Amino acid sequence: MDIANRIMVVTGGASGIGKALAEAFHREGARHVVVADRDEAGAKEVAGAIGGTGIGLDVADEGAVRDLVAATQSNIGPIDLFMSNAGFVTMGGLEVPNKEINDQWDVHVMSHVYAARAVLPSMIERGEGYIMSTASAAGLLTQIGSLAYSLTKHAAVALAEWIAITHGHQGIRVSVHCPQAVKTNIGANSPDRKRRRGLSVGVASGDGVLTAEQAADACIDAVRQERFWVLPHPEVAEYVRRKATDVDRWLHGMRRFQGRLYEGQPLPGDWFVDAQDD
C-alpha cells in the first residue's frame, strides 16, 4: 500500500510504538492520522504535533471502537489503514487470577476483533483496506514466565491469520507486528506484581532492545510490501523455523533458556510447591 494521501487510525498512539507509527505515517505523507489512546491528553498531544486528530479510547470497549470508526468516516473520510496497537504485560503462570487473564484477553485479542468488526464492512464495500495489529514474537514463540501474555498474543496472531485468509479476496491486506523487546513504557503501564521480577523485558532482550522508531519503521516497510509478518527482530523467523522443524528440540532449548533466566530464583512453576508449603 502506498501510504501517501491515506487516512490512518492508530490505537495506543499516545506513546511507544503507536506514537512512533503515527509520526511515521505523517512523515510518509498520510492525508490524516487519527491517534487514539486511553490517555486522551497524550493522544491529543501526539496528534497536535502532526496535524491529526486525537481522541480518548478504551480499546476494550467495543462501542467506543465502533464510535471511533464511525466518527472518523463521517468527519474525515474512509479509513485506509487501521493499526490496532495496545498492550501490557504481567508475569505469572496458572496461579494468576482469572481477571488478569481476561483483562489481557480483552486488550490483546478482543480489541482487534472489535476493530475488524467496525472497519471491515466499509473496506470490503470499497474493495480495499489494510488492517495491522500489534502482537508479539511471543505470539509466534512464547513468553517465558507469562501465561496470560503467551495465550493472548498467540490468539492475536491467529486472528490476523484468519482475517488475511478469509478476507484477502475482498481486497483486505493484513500485517501482524511481532517484535521482541522494544523500549516503551509497557512495563510502566502494567500492574506491579512481585512475580514480574524484572523479567518481562529481559526474557525478550537477547537480540537487542529496539527503539519504538525502529519498530515503526519495520511496520512501514511491511505496509509498503503488503507483508504479513512484521519482524523488527529478523532472528525471530529463524526461531520459528526451528520450532516448526523440531518442536521437541525447541522446547528443550526453551527450558534451558528459562533455567538460565531464573538462575538462583524459583522457576515459574514453583508457585505450586510454595503453595503446598504454606
The range 113-126, subset touching a residue at least 40 places away in the same chain (Cβ under 8 Å) and not aliphatic (A, V, I, L, M), residue most open to solvent (accessible area, probe 1.4 Å) | 117
Can you find even one residue in the range 225-232 that is at positive phi, of a type in the set (Asp, Glu) and at pLDDT 95 or above?
-> yes
Conditions (1) acidic (Asp, Glu); (2) out of contact with any Leu (no Cβ under 9 Å at 6 or more places or on another chain); (3) surrounded by 24 or more Cβ atoms within 10 Å (Cβ to Cβ) -> residue 28 fails only (3)
Long-range neighbours under 6 Å by Cβ, at least six apart or interchain, first residue open to solvent by 20 Å² or more (accessible area, probe 1.4 Å) within the range 167-184, second at pLDDT below 90 | 180/204; 180/207; 183/209
How about the range 34-56: which of its residues are free of Cβ contacts under 8 Å to residues at least 24 places away in the same chain and among the β-branched types (Val, Ile, Thr)?
-> 53, 55
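Let's see how each residue does on (1) open to solvent by less than 10 Å² (accessible area, probe 1.4 Å); (2) over 18 Å from residue 219 (Cβ atoms); (3) in contact with a strand residue (DSSP E or B) (Cβ under 9 Å, 6 or more places away or on another chain):
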site: 12; (1), (2), (3): no, no, yes
site: 16; (1), (2), (3): no, no, yes
site: 34; (1), (2), (3): yes, no, yes
site: 37; (1), (2), (3): no, no, yes
site: 48; (1), (2), (3): no, yes, yes
site: 59; (1), (2), (3): no, no, yes
site: 72; (1), (2), (3): yes, yes, yes
Do you know which of the residues in the range 101-134 that are among the β-branched types (Val, Ile, Thr) and in a helix (DSSP H, G or I) is nearest to residue 67 (Cα to Cα)?
-> 119
The range 258-278, subset part of a loop (DSSP other than H, G, I, E, B) and at pLDDT 60 or above, residue surrounded by the fewest Cβ atoms within 10 Å (Cβ to Cβ) = 264
Take the residues in the range 127-145 that are hydroxyl-bearing (Ser, Thr, Tyr) and more than 20 Å from residue 247 (Cβ to Cβ), then tell me which one is surrounded by the most Cβ atoms within 10 Å (Cβ to Cβ).
-> 134
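The values are calculated or read from the model by the stated rules, or taken from the named source; none is laboratory data. Computed from a predicted model, the values in this text were never measured in an experiment. We place every Cβ from the backbone using ideal geometry, glycine too, and count neighbours over all the protein chains shown. All accessible areas refer to the heavy atoms of the entire protein, side chains included, with ligands and DNA or RNA removed. Shrake-Rupley method; radii C 1.70, N 1.55, O 1.52, S 1.80 Å.
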